[in-house]
Structures are given as structure tokens and as C-alpha cells.
Amino acid sequence: MKIENLIAIPALCIYYKVELSFFDNLNEMGLLEIKTIEEMQYIHSDAIFEIEKMIRIHQELNVNTAGIDVVFNLLQKIDALQNELISTQNRLRLYER
């Protein structure tokens, strides 16, 4: 993996004004994958959108990491149900014609 695609977690802590333990907790809960290279922790740049959502939930709504885990699990279920609904609607259209 190229280091150009990675973002240093200490830099994120400074930018978003969160503790390093916040990222460690997200990693422990499986919400975030941390790469360690030469004793420095990084995240992949593709994960920044999800991380920003987690940080906003944490800071603006004062939700702890366990609550963020619940919220993201519910959001995944909603997405799955929406995809299933679209699929069912598409199949129904076939029978209506």
C-alpha cells in the first residue's frame, strides 16, 4: 500500500480536535481500519468520508463510540433495506407490464 493514500492519525486528531483514543476505540469496534507503518498510525484516504461522519456524530451530538457503532449498524441496515426495496420494485414493474 502506498503511503500517499494514507492519512496520519495524529494529523487528524489536530485537525478535527479529537483524542487519539477516539480513533483507537473506533478501531477496536471494527468501524475503522488503522494501518501502522514505522510506529505511525494511518488510515486510508478512502475512509475519510465515514470518519468525518463519525466525528460529527461524536462532537455535535455528543455520542460515544458505542453509540456511533449502533448508529452505523442502523445506517447499514437502512441501506440494505432500501436496496432490497428498489430490487423488489424493479421486479414488480416487470410483472405490471
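The values are calculated or read from the model by the stated rules, or taken from the named source; none is laboratory data. Predicted model, so just to flag it, every value in this text is computed and none were measured. Note: ideal-geometry Cβ built from the backbone for every residue, glycine included; neighbour counts use all protein chains shown. Protein only, heavy atoms only, side chains kept; ligands, DNA and RNA dropped before computing areas. Shrake-Rupley method; radii C 1.70, N 1.55, O 1.52, S 1.80 Å.
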* To do: Enumerate the pairs (first residue in region 1-29 and without any contact (Cβ under 8 Å) to a residue 12 or more places away in the chain and of a type outside the set (A, V, I, L, M, F, W, C); second residue anywhere and in a helix (DSSP H, G or I) and surrounded by 12 or more Cβ atoms within 10 Å (Cβ to Cβ)) with beta-carbon separation below 7 Å, excluding pairs fewer than 6 apart on the same chain, so at least 6 apart or on different chains.
  => Glu19/Cys13
* Hits in region 64-97 - residues which are modelled with pLDDT under 95, closer than 19 Å to Glu19 by Cβ and of a type in the set (A, V, I, L, M) -> Ala66
* Which residues, counting only those in region 24-68, are of a type in the set (Gly, Ala, Ser) and surrounded by 13 or more Cβ atoms within 10 Å (Cβ to Cβ)? -> Ala47, Gly67
* Asked: Taking region 31-51, which residues are free of Cβ contacts under 8 Å to residues at least 24 places away in the same chain and either outside any strand (DSSP E or B) or under 21 Å from Val70 (Cβ atoms) (or both)?
  -> Leu32, Glu33, Glu38, Glu39, Ala47, Phe49, Glu50
* Asked: In region 52-82, which residues are among the hydrophobic types (A, V, I, L, M, F, W, C), closer than 20 Å to Ile9 by Cα and without any contact (Cβ under 8 Å) to a residue 24 or more places away in the chain?
  -> Ile57
* Filter pass, Ser21 being in contact with a helix residue (DSSP H, G or I) (Cβ under 8 Å, 6 or more places away or on another chain) and open to solvent by less than 90 Å² (accessible area, probe 1.4 Å) -> no
* To do: Output the residue which, of all residues in region 3-18 that are touching a strand residue (DSSP E or B) at 6+ places or on another chain (Cβ under 6 Å) and of a type in the set (Val, Ile, Thr), is surrounded by the most Cβ atoms within 10 Å (Cβ to Cβ).
  => Ile9
